[in-house]
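Scroll down for the structure; my scribbles are underneath it.
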Amino acid sequence: MSEMLLEELPGVGPATAEKLKEAGFNTIEAVAVASPSELANTAEIGEATAAKIINAARQAADIGGFETGDTVLERRKLVGKLSTGCVEFNEMMGGGFETQSITELYGEFGSGKTQVAHQVAVNVQLSREYGGLNGSVIIIDTENTFRPERITQMVEGLSEKLGLELNAEEFLQNIHVARAYNSNHQMLLVDSAMDLANELKDSGKPARLLIVDSLMAHFRAEYVGRGTLADRQQKLNKHLHALLRFGDLFNACVVVTNQVMSKPDAFFGDPTKPVGGHIVGHTATFRLYLRKSKGEKRIIRLVDSPNLPEGEAVVAVTTAGLIDP
Ligand code: GTP
Ligand code: MG
């Protein structure tokens, strides 16, 4: 995070700074990822001035930058795999969810996206011999669907399965949850997550999983109509890149859930597709499509991945958590 104050940006006086803060642009980073029209409206300044302010903020925030191939290779060597707890699902994922990547879970309501998210929030805390990353979890909850009771049930399920005496209370203590009230807030919470992960870095439980459940709900609700779609996509792009950066910086898994919409023009195949357009599609490293099947069964399809074949796995969503059917 940049230590610079908003007032230090050229063109930002105390009154403008105040208006920006009121609108949720509290940091240089938040200004850096805003669109000129958005900033112009909230701060009641011209778009040209807004663009200048944004450019200055981008430079100050040092967003992006180049690194050498050997640095990237060193970081890739650290990639960890987070077990889903299910044999077929893990195999399809080449061992589990990768760190330094975004894994997107999409599917219709009740398909199990939030359940999978809860399960990995438990699994990540396990030691490596049990498929975990010995880490803690940060959850950005946009729909108020985080349920500590489910975590407790899943920890109990795991205790039985693994023959360990796991303490649900401790698992809950390693899950840091924040509600996001709108898309700006959701984006700012990634900054807060970075701060928190920095604090946890040298603790016994560094943050190794960041969950955004759901990624698109606020963006979808706030940006209706074609006119604002470009703005939305620009913000979404920034958001996704902030998430990727989190994954890289902390060698963490990033898991996001996504809704589907019906494809009215689909005569063949599955008439649903994830929302968010090509920006989500291109930024998520692994895309998983969840479908309801008989009873507790769910079919999970790996739709897109840089280095794994497409495939399907069947799991069961039970009270004890995600298990092999
Ligand atoms: P939306 O967020 O609405 O889009 O859906 P989602 O994909 O996140 O669905 P979610 O993960 O919340 O799945 C809900 C489903 O999980 C329920 O319909 C149940 O089938 C199952 N489920 C949730 N809790 C339990 C539980 O305690 N026991 C069992 N057996 N199943 C559960
Ligand atoms: Mg859900």
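The values are calculated or read from the model by the stated rules, or taken from the named source; none is laboratory data. Being a predicted model, the structure only gives us computed values, none of them experimental. Cβ coordinates were reconstructed from backbone atoms using ideal geometry, including for glycine residues, and neighbour counts include every protein chain displayed.
Among the residues of the stretch 158-185, those that are under 19 Å from Pro148 (Cβ atoms) and of a type in the set (S, T, N, Q) comprise Ser159, Asn167, Gln173, Asn174.
For Leu82, the conditions (1) modelled with pLDDT under 95; (2) away from ligand 1 (no atom under 15 Å from the Cβ); (3) under 29 Å from Lys294 (Cβ atoms) are fulfilled apart from (1). Quick check, is Ile140 touching an Asp or Glu at 6+ places or on another chain (Cβ under 8 Å), in the same structural domain as Lys81 (by TED's automatic domain parsing) and not in a loop (DSSP other than H, G, I, E, B)? Considered against the rule, which asks whether it is touching an Asp or Glu at 6+ places or on another chain (Cβ under 8 Å), in the same structural domain as Lys81 (by TED's automatic domain parsing) and not in a loop (DSSP other than H, G, I, E, B), Ile140 comes out as yes.
Take Ala168 and tell me if it is away from ligand 1 (no atom under 12 Å from the Cβ) and either out of contact with any strand residue (DSSP E or B) (no Cβ under 8 Å at 6 or more places or on another chain) or not assigned by TED's automatic domain parsing to the domain that holds Pro274 (or both). Here the answer is yes, as Ala168 does meet what is asked.
Once the stretch 116-156 is narrowed to residues that are within 11 Å of ligand 2 (Cβ to nearest atom) and surrounded by 22 or more Cβ atoms within 10 Å (Cβ to Cβ), the residue that is nearest to Val256 (Cα to Cα) is Ala117. Whether any residue in the stretch 46-58 is touching a residue at least 24 places away in the same chain (Cβ under 8 Å), exposed (fewer than 15 other Cβ atoms within 10 Å of the Cβ) and not hydrophobic (A, V, I, L, M, F, W, C) is what I want to check. Within the stretch 46-58 (the criterion being touching a residue at least 24 places away in the same chain (Cβ under 8 Å), exposed (fewer than 15 other Cβ atoms within 10 Å of the Cβ) and not hydrophobic (A, V, I, L, M, F, W, C)), the answer is no, since none of the residues qualifies.
For the stretch 198-244, the candidate set comprises residues that are over 13 Å from the mean Cα position of the chain (by Cα) and within 16 Å of ligand 2 (Cβ to nearest atom); within that set, the residue that is nearest to His176 (Cα to Cα) is His218. Taking the condition of being surrounded by fewer than 24 Cβ atoms within 10 Å (Cβ to Cβ) and either more than 16 Å from ligand 1 (Cβ to nearest atom) or part of a strand (DSSP E or B) (or both), how many residues in the stretch 85-97 meet it? Within the stretch 85-97, residues that are surrounded by fewer than 24 Cβ atoms within 10 Å (Cβ to Cβ) and either more than 16 Å from ligand 1 (Cβ to nearest atom) or part of a strand (DSSP E or B) (or both) number 7. Is there a residue in the stretch 160-174 that is polar (S, T, N, Q), crowded, with 16+ Cβ neighbours inside 10 Å and either free of Cβ contacts under 8 Å to residues at least 60 places away in the same chain or part of a strand (DSSP E or B) (or both)? Yes. Would the stretch 113-135 turn up any residue that is of a type outside the set (S, T, N, Q), over 23 Å from the mean Cα position of the chain (by Cα) and modelled with pLDDT under 90? So far as the stretch 113-135 goes, no, none of its residues is of a type outside the set (S, T, N, Q), over 23 Å from the mean Cα position of the chain (by Cα) and modelled with pLDDT under 90. Does Glu38 meet the test of being surrounded by fewer than 18 Cβ atoms within 10 Å (Cβ to Cβ) and either more than 16 Å from ligand 1 (Cβ to nearest atom) or within 30 Å of Glu8 (Cα to Cα) (or both)? So Glu38 fails the test.
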